[in-house]
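Below: the structure, in C-alpha cells.
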Amino acid sequence: MTISPDVLDGPSNDRSDPNQPPDSPTPLPSATLGGESRRSVEQITLLLFITLPFLALIAAVPLAWGWGVSWLDLGLLVAMYYIGCHGITIGFHRYFTHGSFKAKRPLRIALAVMGSLAVEGPLVRWVADHRKHHKFSDAEGDPHSPWRYGETVPALLKGLWWAHMGWMFDEEQTPQHKYAPDLIKDPAIRAVSRQFVLWTVVSLLLPPLVGGLATMSWQGALTAFFWGSLVRVALLHHVTWSINSICHAVGKRPFKSRDKSGNVWWLAVLSCGESWHNLHHADPTCARHGVERGQLDSSARIIRWCELAGWAYDVRWPRRSRIDSRRVGTDGAESRRKEHTAEAA
Ligand SMILES: [Zn+2]
Ligand SMILES: [Zn+2]
C-alpha cells in the first residue's frame, strides 16, 4: 500500500508512485474516538496524562531520598520506558509514519500496541501530525515548530514552549483522512488507534500489578505505580517532545535540510536514537538516524534484529553515497531543497 509521497517523505523521497490513485472515494470511519474534534475524550485524557506525570516528576526528586524507590521500581521504570519509547521510535515514527521498513503482520500489530503504551495520543493522530510536521518543517503549517513566533530570543523561548507542549492544545486538527489514509484503511490499526484509552489504562496498571504481586503488598504496588507509571510516562513525554523543541532549535547540522533540525548527541540514549534529527530530516525514510560512527541508535539496532529474525524486511538502511550527497557543501540536494521550499510556501 502506498500513500502520497509528499506526505510520507521530506526532501529526499525517491519512492514516488505516479500511478497512485487520489484519496479513496468511500469515506472510512475515523481512527480516533472523537473523530477530528479537539474536545474529545482523548484530548481530556491527554491533558490529564500530561499534567499528572509532570507533577509526579517534580515530586520524584525529593521523594527519591526519603521514600520507597526499590530496584524493582527502577527496573519497571526502565523496562516500561524503553518498551514505550521503541514503540514510538520504531513503530509510530520509522515504520508507520515514514515506511522505512516493511513488517510482517504480527510485528505491525505489536508495534502499534507498544507505541500506544507510551501514552502519546492515538496512533493515527500521532502519524498524521508527524507527516504534517515533515511536509512543512519549520515553515507555516508545521504543527510544532519552535520558530513559529520569530527568531528573537523571547520569540524563540515562546516557540520552544509551543513546540514542546503547547501545540497539543491547538484547536486546529491535522486531518487524518488526508495525512494517514493508509493506516485508516487497515481495520486492525484503526482498532488499536481507537482504543487509546484502553492502552493508557494497561500502560499505567501493568507496573503496579507486577510490583504488588512481586512484593505481595499494597506499598509495593503504590511505589511501582509512582515510578513505573507516572514518572516513566512523564520522562518519556518530555524526551519525545524535546525532539520537537530542542532538536529544532540547537544541535549540529552536518546535513542539508530545509528546516532547523539538529543532531543533539546528549539525547541519543534517552530518545532511542531519535535525536540525530538533522539526518532524519535530510533523509526521512532512512531506518537508521545515527549514521555516523559512534552515533548510538538503539532503534536501528532493534530493527536489524527484527530483520535477522525475518519479521522486518525491505529495510531502508543508509547507503554511503546517499548520505554523502546530503552533506552540507555538496551539490545535488540544493535544487531539491529549493523545490520543497517553494512547495511549503
Ligand atoms: Zn522534526
Ligand atoms: Zn519523522
Problem set entry | Theoretical gain in end-to-end length, residue 151 to residue 304 [0.36 nm per residue, Cα-Cα removed] | 51.1 nm
Seminar exercise, completed: Between the modelled labels at residue 171 and residue 197 (7 Å from Cα along Cα→Cβ) the distance in nm is 2.5
For this session: Grab region 97-223 and count how many Lys pairs have their alpha-carbon atoms under 26 Å apart, sequence gap of 8 or more, or different chains.
Result: 12
Exercise. So for 274, 307, 140, 292, fewest C-beta neighbours within 10 Å to most, what's the order?
Worked result: 140, 292, 307, 274
For this session: Give me 223, 285 ranked fewest to most by other Cβ atoms within 10 Å of their Cβ, as a rough exposure proxy.
Result: 285, 223
Problem set entry | Phi to ³J(HN,Hα) by Karplus 6.51 cos²θ - 1.76 cosθ + 1.60 over region 140-157, Hz, x for Gly, Pro | 4, x, 5, x, 9, 8, x, 9, 3, 9, x, 10, 6, 4, x, 5, 5, 4
Seminar exercise, completed: Taking region 200-249, the equivalent ellipsoid from its C-alpha gyration tensor has semi-axes in Å, biggest first, of 30, 9, 6
Exercise. Can you sort 301, 320, 232, 125 by how many other beta carbons sit within 10 Å, fewest first?
Worked result: 320, 301, 125, 232
Problem set entry | For region 35-255: relative contact order, % (alpha-carbon pairs under 8 angstrom, 6 or more apart) | 29
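A short reminder: the numbers here are calculations on the coordinates, not readings from a lab. None of these values were measured; they are calculated from a predicted model. Reconstructed Cβ throughout: ideal geometry from the backbone, glycine too, with neighbour counts over all protein chains shown.
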